[in-house]
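Here's the structure we're looking at; comments come further down.
The values are calculated or read from the model by the stated rules, or taken from the named source; none is laboratory data. The model shown is predicted, which means the values in this text are computed figures rather than measured ones. Glycine also receives a Cβ, built like all others from the backbone with ideal geometry; neighbour counts cover every protein chain displayed. All accessible areas refer to the heavy atoms of the entire protein, side chains included, with ligands and DNA or RNA removed. Shrake-Rupley method; radii C 1.70, N 1.55, O 1.52, S 1.80 Å.
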Number of protein chains: 2
Amino acid sequence: MVWTTAGPLLQLPSLMSERPLLPLLGDAAPERRDAARNREALLVAAQEIIETCGIDGVTMDGVAARAGVGKGTVFRRFGSREGLMAALLNFSETEWQASVISGPPPLGPGAPPMERLLAFGRSRLETTLRFADLIRAAGAAGTRSYAAYSFVAMHVRYLMGEIGVTGDIALLATALLAPLEVPILEQQVQIEGMDLDRIHVAWVDLAHRITQH
Amino acid sequence: MVWTTAGPLLQLPSLMSERPLLPLLGDAAPERRDAARNREALLVAAQEIIETCGIDGVTMDGVAARAGVGKGTVFRRFGSREGLMAALLNFSETEWQASVISGPPPLGPGAPPMERLLAFGRSRLETTLRFADLIRAAGAAGTRSYAAYSFVAMHVRYLMGEIGVTGDIALLATALLAPLEVPILEQQVQIEGMDLDRIHVAWVDLAHRITQH
DNA sequence: CGGTGAAACCGGACCACGGTCCGCTTATAT
DNA sequence: ATATAAGCGGACCGTGGTCCGGTTTCACCG
């Protein structure tokens, strides 16, 4: 992933319609070619507008105009503004997932599970803050999407199991992830002016307390 | 507080403009009488619309029309739709705060701090779910408002101090509160279909792990 | 007690944006 | 070549939010 200097933006891969890392089973009807072209053009346009004017500058009319299509097409492809944002977010999320699944340790496999968990926390903290605007703009479509929340929850549950945590692992995992959500982090960073390192240290402490290891 | 049978709605006190329990220091300019009348009429109107059509049925035009004022007045009084929702929320929040500050134990003072903390968690869990729609509609204005977040955080920090918790109490309190936020709870209840009692039991376990008591 | 000035307030016309809809166009399979 | 379904586009709507000219309230003073 290459970051521009202008802000927390993502570099779009050449093929925008690539499948997520964990593909769904039935690909009943593939996309028509013009539809695929438009999807890519729309994502590029949205990306460019974000680079220029920020997230709030992204209007559905504006994206459609820049991509040279009608407004209806944008909604056909992405359902809503949140859906468009979620699609944008999906790329960085997919890339990040790859580094968790098959990247170098300690984030990737190979390290002891507790070390992986702590590396996960740090990485997730940074990623969430970097994409905070996009995540917020994606709203429910981003949080509840298959790619975003579920993968993270599954991974933490798995690591907790490996560590040997006892108790309601699903809910303990949620408790460990909740302080890494955007609203909580923004409250701490922007309003209470907390230091990022302090938050990280506290999260490591929290992980030890919750896992009791 | 008297609950109607129609849904999770609040009974408005007779004087809508009463001050919060922890008043701000400088009340520089008191409200003009017509302005106070309008504020009350607007809150009543909004409340009635919620009872009839739910939160999504609340439009700023609708509230203004029902209160017999112009739309501009609504925005002057509450700043935004979120601000209006936050004002509505403030009443139940204030009442709940009263039961924490001066109500019967174990929620109120008198019980050992750990018992108070557990009672707090249960009560907060129920209250948050009851007002979930309103809290979500209040958005940032609700979360960041003085009355809502700050009071809760202060109270948990205080109890943690009394219990004798060591560590970064401010951030441990946040970690304990984060799983009680609306988005997390709705994810668990609505999407993962979790039982309310299970969530409560897990939160109690979490409180023991985090406080290490 | 009544007048007076200024600040606060009010209202509804106006704008921008998200989202919908339906008749027309185009790609693809046969 | 043709049928058919998917795709497309832009006119249209409802809603949140802004703005500014006219009106009301209230403190102060003669």
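Worth pointing out:
- Among residues of segment B:182-191, those that are at the interface with chain A (Cβ under 8 Å from one of its Cβ atoms) and either open to solvent by less than 60 Å² (accessible area, probe 1.4 Å) or not in a helix (DSSP H, G or I) (or both), counted: 3
This table checks each residue for (1) over 19 Å from the mean Cα position of the chain (by Cα); (2) over 27 Å from B:Asp195 (Cα atoms).
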| position | (1), (2) |
| --- | --- |
| B:Trp96 | no, no |
| B:Pro106 | yes, no |
| B:Pro109 | yes, yes |
| B:Ala119 | no, no |
| B:Phe131 | no, no |
| B:Leu134 | no, no |
| B:Phe151 | no, yes |
| B:Thr166 | yes, yes |
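- Lone unmet requirement of (1) assigned to a helix (DSSP H, G or I); (2) at positive phi for A:Asp197: (2)
- Of the residues making up segment A:48-75, those that are out of contact with any helix residue (DSSP H, G or I) (no Cβ under 6 Å at 6 or more places or on another chain) and touching a residue at least 40 places away in the same chain (Cβ under 8 Å) number 3.
- Within segment A:158-181, being within 22 Å of A:Glu95 (Cβ to Cβ) and either without any contact (Cβ under 8 Å) to a residue 12 or more places away in the chain or part of a helix (DSSP H, G or I) (or both) holds for A:Tyr158, A:Leu159, A:Leu177, A:Leu180.
- Hey, B:Asp61 modelled with pLDDT of 95 or more and more than 9 Å from DNA strand C (Cβ to nearest atom) or not: no
- Residue-level check: of (1) over 16 Å from B:Phe131 (Cα atoms); (2) more than 9 Å from every other protein chain (Cβ to nearest Cβ); (3) modelled with pLDDT of 95 or more; (4) surrounded by fewer than 18 Cβ atoms within 10 Å (Cβ to Cβ), B:Leu196 misses just (1).
- Number of residues in segment A:152-170 that are within 14 Å of chain B (Cβ to nearest Cβ), open to solvent by less than 30 Å² (accessible area, probe 1.4 Å) and over 18 Å from A:Gln212 (Cα atoms): the value is 2.
- Qualifying position, being within 21 Å of B:Ile191 (Cα to Cα), among the small types (Gly, Ala, Ser) and buried (at least 18 other Cβ atoms within 10 Å of the Cβ), among A:Ala173, A:Ala132, A:Ala140: A:Ala173
- Considering residues of segment B:49-69 that are more than 8 Å from DNA strand D (Cβ to nearest atom) and in a loop (DSSP other than H, G, I, E, B) only, the residue most open to solvent (accessible area, probe 1.4 Å): B:Gly68
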